[in-house]
Amino acid sequence: MSAEADALVTPPYWDEACRHLARRDRVLKRLIPQFGNACLQSRGDAFTTLARSIVGQQISVKAAQSVWERFAKLPRRMAPDQVLRLKVDDMRAAGLSARKIEYLVDLSLHFDSGAIDVEAWRGMDDEAIIAELVGIRGIGRWTAEMFLIFHLMRPNVLPLDDVG
């Protein structure tokens, strides 16, 4: 795994983006000063972020947090090789469906085998990263785009398939 660990990072473009939006949008012009300390921050590593996305799919935020907390206690640390060592029955007991277990195993296999190279993403454009991520079972375009926004903090990502 990479050294991205649990560092809290704000993207370098954040301040300029806020100034730009405050100049260009009358509503944001009032809101940005009210929430001046708020900023986009990435937390955690790519594997954990994607695993949490899978666990949280199609269930409420509260249920997702509960399942995640139970699941996260199973491995010694949240890492692909550790997840691959887990017993299916233990994962089911944590509240994961058979399908989500399949997805988490596939995610783990992609990371553990080196098929996913987090460091290579620095030099890749958004579409190339999305293509790589949607090759993992349980990750669709929307999840990949959310990952680009909230984990990789890529600017100018607009998830057009999101009706919400």
Fill in the blank from the handout: Rounded to 0.05, the calculated FRET efficiency for the beta carbons of ARG77 and ASN37 at R₀ = 41 Å is 0.85
Exercise for the section: Just the number, please: carbon plus sulfur as a percent of the accessible area of segment 93-133, 1.4 Å probe, no ligands or DNA/RNA counted. Expected result: 52 percent
Exercise for the section: Assign unit charges at the C-beta atoms only (+1 for Lys and Arg, -1 for Asp and Glu), then state the dipole size of the chain relative to its Cα centre in Debye, rounded to the nearest 20. Expected result: 780 debye
Fill in the blank from the handout: Labelled set (i) 17.3; (ii) 19.3; (iii) 18.5; Kirkwood radius over Cα pairs in Å computed from this model equals the value at (i)
Completion exercise
Counting only protein heavy atoms and rolling a 1.4 Å probe, one gets per residue an accessible area for the chain in Å² of 63 Å²
Handout entry: Spin-label model distance (nm) - VAL118 vs LYS62, 7 Å beyond Cα toward Cβ
Key = 3.2 nm
Exercise for the section: Enter the angle in degrees (range 0 to 90, nearest 10) between the Cα long axis of helix 61-72 and the first principal axis of the Cα atoms of the chain, meaning the one along which they spread out most. Expected result: 50 degrees
Practice task
Measure nothing fancy, just the Cα-based angle from helix 46-56's long axis to the longest principal axis of the chain, in degrees from 0 to 90, nearest 10.
Solution key: 80 degrees
Problem - Cut-off under 5 Å, modelled amide H: who pairs with SER42 long-range - result: VAL9
Handout entry: Tilt relative to the chain, helix 14-24 - C-alpha long axis, 0 to 90 degrees, to 10
Key = 50 degrees
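The values are calculated or read from the model by the stated rules, or taken from the named source; none is laboratory data. Computed from a predicted structure; not experimentally measured. Every residue, glycine as well, gets a Cβ built from its backbone with ideal geometry; the counts of neighbours run over all protein chains shown. SASA here: full protein model, heavy atoms, side chains in, ligands and nucleic acids out. Shrake-Rupley method; radii C 1.70, N 1.55, O 1.52, S 1.80 Å.
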